[in-house]
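Quick note: the coordinates plus some simple rules give every number you see, no bench work behind them. The model shown is predicted, which means the values in this text are computed figures rather than measured ones. FYI the Cβ positions are ideal-geometry reconstructions off the backbone, even for glycines, and counts take in every protein chain you see.
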Amino acid sequence: MKSIKLNPRFIGKVLLAIVLLSALAGVAGSQIVPKMPLSGVLFYSALLALGLVVALILAVVVFGTFNQFVMRHGGTDPQWFWYRSEPPGLVQLREQAKALADAQRARR
């Protein structure tokens, strides 16, 4: 498996973009609640952005784990759960591959 290298500069840019976008949303949202101080709106906006990032990370972990589970237990592709059966022709391709593997074992 290929290891993932995290570039600290890229992570910093992503975090800065998240902070700036949440600040922009907070300033725009301060017009909705005019009696609340801007610092409070920015605080809640930052909490919301943090919650969204955490939810996104959790969703990636859960879906990735599920997809790995399906593939390890003989599933074709987790996306095919939306359909009633295997992709057209896949059963024949599997039978051909099995016959070819059996023929190669017989030659040895």
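One residue stands out among those in region 1-21 that are β-branched (Val, Ile, Thr) and surrounded by 10 or more Cβ atoms within 10 Å (Cβ to Cβ): the one that is farthest from residue 68 (Cα to Cα), which is 19.
When 40, 26, 74 are screened for being on the phi > 0 side of the Ramachandran plot and not aromatic (Phe, Trp, Tyr), only 74 passes.
For region 22-36, the condition holds for at least one residue, the condition being that it is within 22 Å of the chain's Cα centre (by Cα) and surrounded by 10 or more Cβ atoms within 10 Å (Cβ to Cβ). Does residue 48 fit the bill of being under 21 Å from the mean Cα position of the chain (by Cα), surrounded by 11 or more Cβ atoms within 10 Å (Cβ to Cβ) and among the aliphatic types (A, V, I, L, M)? The answer is yes for residue 48. Here residue 90 fits the description: over 19 Å from the mean Cα position of the chain (by Cα) and farther than 30 Å from residue 26 by Cα. For region 66-78, the set of residues classified as surrounded by 10 or more Cβ atoms within 10 Å (Cβ to Cβ) and not acidic (Asp, Glu) consists of 66, 67, 68, 69, 70, 71, 75, 76, 78, listed by residue number.
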